[in-house]
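Everything below concerns the one structure shown next.
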Amino acid sequence: MIAPSSPAGAAAPGAAVLRVPRYLIRVPMLLWHAMIHLPITLLLLTPITRNWRWGEEPFQHRVIRAWQAGLMRVFGFRLRRAGTPLEGATMFVANHVGWVDISMLHSQRMMGFVAKDEISRWPLIGWLAARAQTIYHRRGSTESLGGVLGEMVRRLQRGDSVGVFPEGGTRGGGELGPFHARIFTAAVDAGVPVQPVALIYGEHGSAQQVVAFGKRESFAANFIRLLGEPTRTATVHFLEPIPAGAEEGRRRIAELSRTRILDAMHG
C-alpha cells in the first residue's frame, strides 16, 4: 500500500549535505542531455524519418521515448513497468503527481497529452511538450474544454493515442482526487478503449509527496529540488483496459478507471 511520505522540502539531518554530490553529478548530466542528446533527438525527428519503423513501433516514437527515459534517469528515477500499454488508438488516464508524470509516461508509450496551458510557459518542459503534440486546456474554461474534446476525438479517430490526467490537477501526492467524467466523452465518441495507468514513485508509493509540488512551490523550485533527491524507483503500471463502447457511459468509465488506479496504488 502507499507508504507515508515526508512533505516536499522536509529533510532529515544531514540530507542537505548529501544533495551537494548529487548536484555535482546530475547538473552536468542534465546539461549534456539538454545540449547534446536533445539536438540529436530533434535531428532524428524529420520528415525523412516519419515513416521509419523500429520493430512494431514508429522510429520517431522510439526516439522520443528514449530521450524521456534518459531525462528520468538524470533525475535519479529507475523506471519499472508493470502491465502492457495497448497498441493503436487509446485514451490513457493516470493519476497526477507532478510534472515528471508526462516524461514517465512518454518513456513507455507515445501519446499526446491534455495539459494545463501553464505548462507551455515552463522552461524546456513546455518547449518539449509543444513538440510532443500536447493539447493545452485553460482551466475553468468551458469553451477551452469543448475545443480540447473535439481535438481528442479527431486524434483518436485517426489512430493516435492521447493521455489525460482526469483529476484536473495535482493534489500534493497524498490523495487521489475524483475523476472528471466529461473528459471521457472523447473515448466514448471515438469508440476507443480507455486504459488506466497508476504512476507510483518510490517503493510502495513512498515518494508521492516528495515528487509532488510543495505548497506554493514553483515549477523551477520543484525541478531543482527533484534534481537533488536520492535515487528512487518509479513504476508505471498499465492496468486492465476498459473496452470501447458507449454502453458503459463516461461516468462509469471514470469510476472504473479511478478504482483500478487506486487499487494498484494500494496493492
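The values are calculated or read from the model by the stated rules, or taken from the named source; none is laboratory data. Predicted model, so just to flag it, every value in this text is computed and none were measured. Note that each Cβ is placed from the backbone with ideal geometry, even for glycine, and that neighbours are counted across all protein chains shown.
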Quick check on my filter: what residues within the stretch 221-267 are of a type in the set (D, E, K, R) and in contact with a Leu (Cβ under 8 Å, 6 or more places away or on another chain)? E248, R258, R260
Do we have any residue at all in the stretch 37-52 that's of a type in the set (S, T, Y) and touching a residue at least 24 places away in the same chain (Cβ under 8 Å)? yes
Is there a residue in the stretch 214-223 that is hydrophobic (A, V, I, L, M, F, W, C) and surrounded by fewer than 16 Cβ atoms within 10 Å (Cβ to Cβ)? yes
Considering every residue within the stretch 150-157, establish whether at least one is closer than 29 Å to Q208 by Cβ and modelled with pLDDT of 90 or more. yes
Identify the single condition in (1) at pLDDT 95 or above; (2) in contact with a strand residue (DSSP E or B) (Cβ under 9 Å, 6 or more places away or on another chain); (3) crowded, with 17+ Cβ neighbours inside 10 Å that E240 does not satisfy, given that it satisfies every other one. (3)
Quick count over the stretch 47-56, residues being surrounded by 10 or more Cβ atoms within 10 Å (Cβ to Cβ) and either assigned to a helix (DSSP H, G or I) or of a type in the set (S, T, N, Q) (or both), is 1
